[in-house]
1. Considering each of 223, 233, 201, 227 in turn, give the residue that is among the basic types (Lys, Arg) and open to solvent by 60 Å² or more (accessible area, probe 1.4 Å).
2. Failed condition for residue 239, given (1) part of a loop (DSSP other than H, G, I, E, B); (2) over 29 Å from the mean Cα position of the chain (by Cα), with all others met?
3. Report, by residue number, each residue of region 343-370 that is over 26 Å from residue 260 (Cβ atoms) and open to solvent by less than 10 Å² (accessible area, probe 1.4 Å).
4. Which condition does residue 246 not pass, out of (1) over 19 Å from residue 340 (Cβ atoms); (2) touching a residue at least 60 places away in the same chain (Cβ under 8 Å); (3) in contact with an Asp or Glu (Cβ under 6 Å, 6 or more places away or on another chain); (4) not basic (Lys, Arg), if it passes all the others?
5. I want to confirm something. Restricting to region 163-197 and keeping residues that are on the phi > 0 side of the Ramachandran plot and of a type outside the set (A, V, I, L, M), which single residue is most open to solvent (accessible area, probe 1.4 Å)?
6. How many of the residues in region 189-203 are over 11 Å from residue 364 (Cβ atoms) and in a strand (DSSP E or B)?
7. List pairs: first in region 358-384 and in contact (Cβ under 8 Å) with a residue 12 or more places away in the chain and farther than 15 Å from residue 191 by Cβ, second assigned to a helix (DSSP H, G or I) and open to solvent by 20 Å² or more (accessible area, probe 1.4 Å), Cβ under 6 Å, 6+ apart or cross-chain?
8. Do we have residue 314 as open to solvent by 40 Å² or more (accessible area, probe 1.4 Å) and of a type in the set (A, V, I, L, M) here?
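The values are calculated or read from the model by the stated rules, or taken from the named source; none is laboratory data. Keep in mind the model is a prediction, meaning the values are calculated, not measured. Please note: Cβ atoms are built from the backbone with ideal geometry, for glycine as well, and neighbour counts cover all protein chains shown. We work out accessible area using only protein heavy atoms, side chains counted, and drop any ligands, DNA or RNA first. Shrake-Rupley method; radii C 1.70, N 1.55, O 1.52, S 1.80 Å.
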Amino acid sequence: MARGNGRTGTGKSKGEEQPRGRGLFEGSGEELRQMVERICQDVLEAELTEYLNAGPWERAQGRTGYRNGYKDRAINTRIGTLRLQVPYSRDGGFAPRLFARYQRSERALQATLMEMVLQGVSTRRVGRVTELLCGRNFSAETVANLCKQMDGPIRTFLSRPLRGSYPYVIFDARYEKVRVADHVVDQAVLVIVGVNDGGYREVLGVEIGDLESESTWGEIFGRLRDRGLSGVRMVVSDDHRGLRKAIARYFGGIMWQRCQLHFLRNLCGHVPRSARKELAATLHRLWESGDPAVYRRDLALAVEQYRSRWPKVAALLETDTDDTMQIMHVPEEHRKRLRTTNVIERVNEMIRARTRVVRIFPNRESCLRLVTAILMELHEDWITGYRYLTFSEEPGTPAESTVAVPEK
């Protein structure tokens, strides 16, 4: 019987040429399917263990949740149907990264892998994965046609008119390695998420740039304005200098909420590791103050307390903490969702789960194609899923008045 090495009991198939376009392990399809099925099941279990920070029946001190059974799922692949048992967590927050929910991002991933093989920049591992996913019989013309089929819908998505108002807009970025002019460089993947006046999240845009500069973000904001972005009451982001300057230029007069988590991380870099829990408790006490007078009093006490111990921390608390408290000026039920950029941090985790298969993109276009395909699927889930925020007043009433994005 074949064992994946091309031999049989009679040795007859040794040296026989494999037909073009067949899978990498042709001749042992059922065994390969079973092997991949076992591997996929192990990966699902490992992902849940990582999510819960504990294995099955493990009494771990850092456990963050518990298992909650399985759900059968069939995945159609080139090597047959994989029948998996997808594990669930009790809190319902576990989302397996092993397979995409839709085919659009799968095609984008395949196109990227094929481009890497054709350009001779793939690792051996990527080459074997490409052969298994896409077969051997593909050419530059095949890849070009596949990319062309995808690029049209992607351009339409990224240039679609933005109708209605978007009271809240969140910005963040992550970096991917991309080959540019025979060099591998870091490229910024800039993601913009908005909450529309119906309370639903939308992916407003994504761009690839050399870095998070004022000009790069400014170009993005200009395109958003041209597409109809309006009604912005508050923007949420980290304190990157270029982003801040672009926000001040294009969103002047609109509240800016500095991400509380990024601010906390910044402050923790100025104190000993043993003191970080104390500092975090102080900040959370400030952020949870429902009364501005109580917040001011507690902030003054914290600044005075830390002035002699950690002068840098005291100075930052005194000058920058107010930027993290702009959520005091929005409805209380919205504050928890808007105090950080976590909505995009979760998006970035989804992107990372797919892009780490590629590791190094062959060009900027392939990076943008794959990331946008993932975000398009997420966008469709958001606008047809549950309402992210609830507005107590109808759009346009004084309680929910909006500010248009200023002209350049």
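1. Working: 233 fails: open to solvent by 60 Å² or more (accessible area, probe 1.4 Å); 201 fails: open to solvent by 60 Å² or more (accessible area, probe 1.4 Å); 227 fails: open to solvent by 60 Å² or more (accessible area, probe 1.4 Å).
Selected residue: 223, the only one of 223, 233, 201, 227 that is among the basic types (Lys, Arg) and open to solvent by 60 Å² or more (accessible area, probe 1.4 Å).
2. Here residue 239 clears every test but (2).
3. 355, 358, 361, 362, 366, 367, 370
4. (2)
5. The residue in question is 182.
6. Going through region 189-203 one residue at a time, the tally reaches 9.
7. Taking only residues 6 or more apart or on different chains, the pairs are 362/115; 366/115.
8. Spelling it out, it is not the case that residue 314 is open to solvent by 40 Å² or more (accessible area, probe 1.4 Å) and of a type in the set (A, V, I, L, M).
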